[in-house]
Amino acid sequence: MRRSPFALLILPVTWIACFSNSSSGSGGGANFDASDDTTFPDAPGPEAGPDAVNEMTPPPQDASVDVPVGNDASEAAPGAVAITVFGATGPEQGVTIVYGDATGAVVGTPATTNATGMVDQALPAGATMITALLGNANNPSPYTVMGVQAGDTILVPDLASLGAYGQGQAQVTGLPASPPANTTTYNAIAGLCTNGLSGPPIPINLGGEGIGCIGLGSFGGSYRAAIPILVDAQDANGNILGFTFQKNNALSGWDAGLLDLSLAADTWSTSLTTQTVVVDNLPDGDYPNPNVSESANAILHRLNFQYVNDDAGGQLMQVTTHVGYGDTLQAETSISPNGQWFLATATASAPPTTDGTITVDATPLGVLPQISQTNIDQTNSARPALSWTTAQGSLASTTGLIGNLMWDGTDDAGAAINGNWTIVAPSSATSLQAPALPASAGAYAPLPDASIQNVLQGLTGTAVPSYGQLRTVGAAVAAPIQGGCTFTPIIPYFPAGTLSLTIFSSGGCG
């Protein structure tokens, strides 16, 4: 299910193209009724250092998502809407925020984020949506949230800001002395990026513009990016003997595409557990595609499955976890009958400290709505509209929707333009149309002859029980998409509870 990147976009980091486009329907603005004004709790930042006690205590199973939320400065003043834009190095100043009414027409005067990355002011009369103009004229990345209400806190992650770092390396320059007996190799890990060598230096390529390898969230009370480094000591057969780690590594030390990190002052731990993975309640006729991951710095480290024979002659799936490293354990399973649409469900919980069993409940896969087709209407080229049909159920049964319109084209000067418009909308929407932008921001809209692909997701679960909470974190809990493909694991980090997604990509995964 995993596919290597092709070229463009943004979401837990940056994504792109390989699709075909169909156009039909009248489009029109989104129709919705969002009455929930729930806000999110603050989340503690993870601790750095391999032998430090992890102070992030996961919330109860039914707690709401608090992925990037972190400091009181992001909370809206009474009657106002607080919008915080943050990227790789922290809060982003000077980002334009455009206000729109229910039809998408511009209302009021655009605002600009301050030195703390914030705009905190009352909505203009008639405004129900905001659009943050991320990116630039050659790579525009507008981010729209619909159904905004007074009192909302809106977090806008500038995932495209991670792109420059994703072209580089995080290099482990030193390891603790006295590794576990029989160690022959070391496997250095940053989320989904790994590299194994017999000793340092060990470079970890963060390729694909950092997808799944650099976390973007709230760490140490500030919004920014961070990289967790986990190093496994392995024997000649690849068995894990021990590990060391260092979390909360900021990008501030980045130099010429390289971030040097030494773990020499840390210690080796042999506190490992073995977990047997069981998938329950899978719909008839489907095969499980389970994934178990440890989270650190808001990204996931996918654990390798090992297969062992059980007493009845069958096979068991097992994973090895690292006690003290993971902030949470996230277990998911998914199905994908045709490569264009996917159903996925995951549970996040406290990481285990002893051997045991991880049960993945696949029940949601049998009841999630299935998107069978999407269509793009480019009658108004600057405001393309996305509509859809379902083969099973209705997207109205989800908590909310996240759509991405990804386009490429050439401007009058012959320059290549690649854009991505993220739209967060309530599940009552019957179509998603990009809002209008001021004339001065015309470069952020799709070109008249743009080729547009799309991805549509419906999200539900105890992690996002209301649209008020989904519009707060938006794309932070949506599945990363690149080249029209989902990644494994499909569902990104979330701190606790359950999260299920139904996804359709116009380009498919091939």
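Given the criterion outside any loop (DSSP other than H, G, I, E, B), out of contact with any Leu (no Cβ under 6 Å at 6 or more places or on another chain), of a type outside the set (Val, Ile, Thr) and under 15 Å from Ser506 (Cα atoms), identify the matching residue among Leu386, Leu456, Leu470.
Only one candidate qualifies: Leu456.
No other residue among Val172, Val148 is of a type in the set (A, V, I, L, M) and touching a helix residue (DSSP H, G or I) at 6+ places or on another chain (Cβ under 9 Å) apart from Val148.
Here Leu282 passes the criteria (1) over 20 Å from the mean Cα position of the chain (by Cα); (2) of a type in the set (A, V, I, L, M); (3) assigned to a strand (DSSP E or B) except the one numbered (3). Scoring Leu405 on the criteria (1) free of Cβ contacts under 8 Å to residues at least 12 places away in the same chain; (2) assigned to a strand (DSSP E or B) leaves a single failure, condition (1).
Hey, any hits in the range 207-228 for a residue that's polar (S, T, N, Q) and modelled with pLDDT of 90 or more? Talk me through it step by step, then tell me what you get.
Quick first cut of the range 207-228, residues polar (S, T, N, Q) only: 218, 222.
Those left that are additionally modelled with pLDDT of 90 or more: none.
Among the residues of the range 207-228, not one is polar (S, T, N, Q) and modelled with pLDDT of 90 or more, which makes the answer no.
Looking only at residues in the range 195-206 that are in a strand (DSSP E or B) and open to solvent by less than 20 Å² (accessible area, probe 1.4 Å), which one is modelled with the lowest pLDDT? Ranking the candidates gives Ile204 first.
When you check Ser451 against the structure, is it over 23 Å from Asn136 (Cα atoms) and either of a type in the set (Lys, Arg) or open to solvent by 10 Å² or more (accessible area, probe 1.4 Å) (or both), yes or no? The answer is no for Ser451. Here the range 435-448 is the region considered, the condition is being assigned to a loop (DSSP other than H, G, I, E, B) and of a type in the set (Gly, Ala, Ser), and the residue that is most open to solvent (accessible area, probe 1.4 Å) is Ala436. Number of residues in the range 63-94 that are at pLDDT 60 or above and touching an Asp or Glu at 6+ places or on another chain (Cβ under 7 Å) equals 9. Within the range 273-293, the set of residues being without any contact (Cβ under 8 Å) to a residue 40 or more places away in the chain and out of contact with any Gly (no Cβ under 9 Å at 6 or more places or on another chain) comprises Gly285 only. Inspect all residues belonging to the range 356-379 and state whether any of them is in contact with a Phe, Trp or Tyr (Cβ under 8 Å, 6 or more places away or on another chain), in contact (Cβ under 8 Å) with a residue 12 or more places away in the chain, part of a loop (DSSP other than H, G, I, E, B) and not hydrophobic (A, V, I, L, M, F, W, C). No, the range 356-379 contains no residue that is in contact with a Phe, Trp or Tyr (Cβ under 8 Å, 6 or more places away or on another chain), in contact (Cβ under 8 Å) with a residue 12 or more places away in the chain, part of a loop (DSSP other than H, G, I, E, B) and not hydrophobic (A, V, I, L, M, F, W, C). Looking only at residues that are among the β-branched types (Val, Ile, Thr) and under 18 Å from Val424 (Cβ atoms) in the range 97-107, which one is surrounded by the most Cβ atoms within 10 Å (Cβ to Cβ)? So, considering only residues that are among the β-branched types (Val, Ile, Thr) and under 18 Å from Val424 (Cβ atoms), the one surrounded by the most Cβ atoms within 10 Å (Cβ to Cβ) is Val98. Would the range 391-398 turn up any residue that is open to solvent by 20 Å² or more (accessible area, probe 1.4 Å), farther than 25 Å from Ala344 by Cα and touching a strand residue (DSSP E or B) at 6+ places or on another chain (Cβ under 8 Å)? No, that holds for no residue. Candidates are the residues of the range 224-237 that are open to solvent by 10 Å² or more (accessible area, probe 1.4 Å) and in contact (Cβ under 8 Å) with a residue 24 or more places away in the chain; the one that is farthest from Val477 (Cα to Cα) is Ala236. Take the residues in the range 137-194 that are touching a Cys at 6+ places or on another chain (Cβ under 9 Å) and in a loop (DSSP other than H, G, I, E, B), then tell me which one is most open to solvent (accessible area, probe 1.4 Å). Ranking the candidates gives Leu192 first. For the range 344-399, filtering for residues that are within 17 Å of Pro290 (Cα to Cα) and among the aliphatic types (A, V, I, L, M) leaves 7.
For the range 111-145, the candidate set comprises residues that are touching a helix residue (DSSP H, G or I) at 6+ places or on another chain (Cβ under 9 Å) and of a type in the set (S, T, N, Q); within that set, the residue that is nearest to Ala434 (Cα to Cα) is Thr131. The set of residues from the range 112-130 being outside any loop (DSSP other than H, G, I, E, B) and surrounded by fewer than 19 Cβ atoms within 10 Å (Cβ to Cβ) comprises Thr112, Gln121. Screening Thr270 against (1) of a type in the set (Val, Ile, Thr); (2) at pLDDT 95 or above; (3) closer than 24 Å to Ser336 by Cβ leaves a single unmet condition, (3). Flag: Gly257 does not match the condition of being open to solvent by 40 Å² or more (accessible area, probe 1.4 Å) and modelled with pLDDT under 90. Against the list (1) touching a Pro at 6+ places or on another chain (Cβ under 8 Å); (2) open to solvent by 20 Å² or more (accessible area, probe 1.4 Å), the condition Phe219 fails is (2).
The values are calculated or read from the model by the stated rules, or taken from the named source; none is laboratory data. All values reported here derive from a predicted model rather than from experimental measurement. FYI the Cβ positions are ideal-geometry reconstructions off the backbone, even for glycines, and counts take in every protein chain you see. Protein only, heavy atoms only, side chains kept; ligands, DNA and RNA dropped before computing areas. Shrake-Rupley method; radii C 1.70, N 1.55, O 1.52, S 1.80 Å.
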